[in-house]
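Please read the structure below before turning to the comments.
The values are calculated or read from the model by the stated rules, or taken from the named source; none is laboratory data. All values reported here derive from a predicted model rather than from experimental measurement. Neighbour counts are summed over all protein chains in view; Cβ atoms, including those assigned to glycine, are modelled from backbone coordinates with ideal geometry.
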Amino acid sequence: MANNTDNIIIGAGLTGLSAAFTLLDQGVRPEDILILEALPRCGGRVHTRAENDLLYEYGAQWLHGLPPDNMFYDLLKSRGLAPDYALDTIDTRVVVTADNTNDETFRQINARYLHEAYISFKADHPDEDISFKDLAARTGQPSAALLSFFITRNWLGLDDPADVSADAYYNDIAAPAGMLLKDGMSSLIQMMERKLTTHGVHILTGTQIHAVEQTADNVTIRTPDTSYMGARALITVSAGVLQSGLITFNPPLQPSIKNYINSLIMGSLTKIFVPLQEDFFVARALQPNTHLNIMMADLPVFAHIRTNNKPLITLFAAGANNAHYETASAEDLLSFVRDAFSRFPSLQGFEPYLKGPISATGWASDPHFRGAYSNAKPGVKRSDPMIDNRIIFAGEAFNAPNEKGEENYATMESAWISGQKAAALMSCKPS
Ligand SMILES: Cc1cc2nc3c(=O)[nH]c(=O)nc-3n(C[C@H](O)[C@H](O)[C@H](O)COP(=O)(O)OP(=O)(O)OC[C@H]3O[C@@H](n4cnc5c(N)ncnc54)[C@H](O)[C@@H]3O)c2cc1C
């Protein structure tokens, strides 16, 4: 059976939802917009779950940046989408290193070495990029190499500093921390979904597409048991899904699009949730939203203590740690947490305070995501949404630097902007 709609959007993550809003702004009729989503829910990598009387952010956690300068929040507000927020200003940042520095000095000094090496490299090679690995080597400081490894793991979700583009990192405008939503990030998605469906936009969840075919006249989207025909299709699945080949394209993707997708690398980030009783934090005077950075070669881990002012610790196990912990047993998770917490005296003795099981997310092994977010390999310039006649590709990975050279990728904001740009392309005539 073929169902006809003008504009078909694959994926109801932020990119897909933002594109639908923009199409409505452009005067497209709601009945001419159809969103197909594989999962039974909207939001994609924005996903809050209520567990142990707490809200766990499985995916995105911060709207990066603070009000009044958080452009993304202003944009949401202007659309009547303004969920209640709390702030995480990182008032307390703890750094633990092998020699127990336990202050900010290690991070600050080595961040300065790396940055100075980058400035000096760019002065000599203004048009070239350099990997984090080579940058750290230029500093001549082994401690800078350790910091570059920590950033590679815990900010980008990668294993090897050789895969990190210094251009992307130093031009990235996503500030650490920022705004947390009091009712969870999914409250924003629910508001968006409600608005779109109230307008009459159709969102079909539980609809996994596996093939996209285009001719001169139309595009056909196939699921195992039905198909949808449209004038154009917007594909917003992650770069990891596109790389996995789970969706086939006929005719095959244009080489420029394929090459771009393959030049991206998905970061892996597992969140491990440790729900504790409030007493644990009070007795140890651990402040809300304390950021703990364990910068040790054998255990480079970031932990968000009292996440969103709540008695919850979220550990970010990234890169090689990730593959193991996504599927780890409860005992393995516990021993990982025990090991991490043993590095910081204030977290020792946590076990009697556990108020529920320790659990972990599974983004990399999930076929709907295949990773947490995209990184561009050194030397690769981010692209805006790409168009192949009737098919457009967009998502957090498809947002080129702005005119000032500032990069915004792998965030909720970049997904939103990419969706807007893609919607503008949807009104272009196929060549
Ligand atoms: C652990 C983690 C932490 C993060 N932290 C932050 C943060 O603090 N702040 C921030 O700004 N960003 C953060 N991000 C990134 C942010 O979540 C993403 O950049 C953004 O949500 C991506 O949106 P998207 O719409 O481009 O992609 P997605 O959210 O991946 O949406 C694509 C949709 O396509 C669907 N899909 C996949 N395959 C198919 C198929 N075959 N058929 C139909 N549908 C399909 C998926 O189910 C999904 O819903 C984080 C992400 C992760 C994973």
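Among the candidates Asp384, Asp339, the residue that is within 16 Å of the ligand (Cβ to nearest atom) and free of Cβ contacts under 8 Å to residues at least 60 places away in the same chain is uniquely Asp384.
Taking each residue of region 402-419 that is free of Cβ contacts under 8 Å to residues at least 24 places away in the same chain and looking for partners that are near the ligand (Cβ under 7 Å from one of its atoms) with beta-carbon atoms closer than 6 Å, six or more apart or interchain, yields Ser414/Glu396. For the condition buried (at least 16 other Cβ atoms within 10 Å of the Cβ), over 25 Å from Ile9 (Cα atoms) and out of contact with any His (no Cβ under 6 Å at 6 or more places or on another chain), Ser268 qualifies.
One residue stands out in region 265-305 among those that are of a type in the set (Val, Ile, Thr) and in contact (Cβ under 8 Å) with a residue 12 or more places away in the chain: the one that is nearest to Gln108 (Cα to Cα), namely Ile294. Would you confirm whether any residue within region 51-59 is more than 8 Å from the ligand (Cβ to nearest atom), assigned to a loop (DSSP other than H, G, I, E, B) and more than 17 Å from Ser418 (Cα to Cα)? The answer is yes; a qualifying residue exists.
Taking region 9-47, which residues are near the ligand (Cβ under 8 Å from one of its atoms), of a type in the set (Ser, Thr, Tyr) and either over 18 Å from Leu188 (Cβ atoms) or surrounded by fewer than 21 Cβ atoms within 10 Å (Cβ to Cβ) (or both)? Of everything in region 9-47, nothing turns out to be near the ligand (Cβ under 8 Å from one of its atoms), of a type in the set (Ser, Thr, Tyr) and either over 18 Å from Leu188 (Cβ atoms) or surrounded by fewer than 21 Cβ atoms within 10 Å (Cβ to Cβ) (or both). In region 319-363, the residue that is farthest from Arg306 (Cα to Cα) out of those that are at pLDDT below 90 and of a type in the set (Ser, Thr, Tyr) is Thr327. The single residue among Leu75, Leu87, Leu81, Leu24 that is touching a residue at least 40 places away in the same chain (Cβ under 8 Å) and in a strand (DSSP E or B) turns out to be Leu87.
Taken as a whole, the structure leaves Thr361 outside the set of residues that are farther than 29 Å from Ser263 by Cα and either more than 16 Å from the ligand (Cβ to nearest atom) or touching a strand residue (DSSP E or B) at 6+ places or on another chain (Cβ under 8 Å) (or both).
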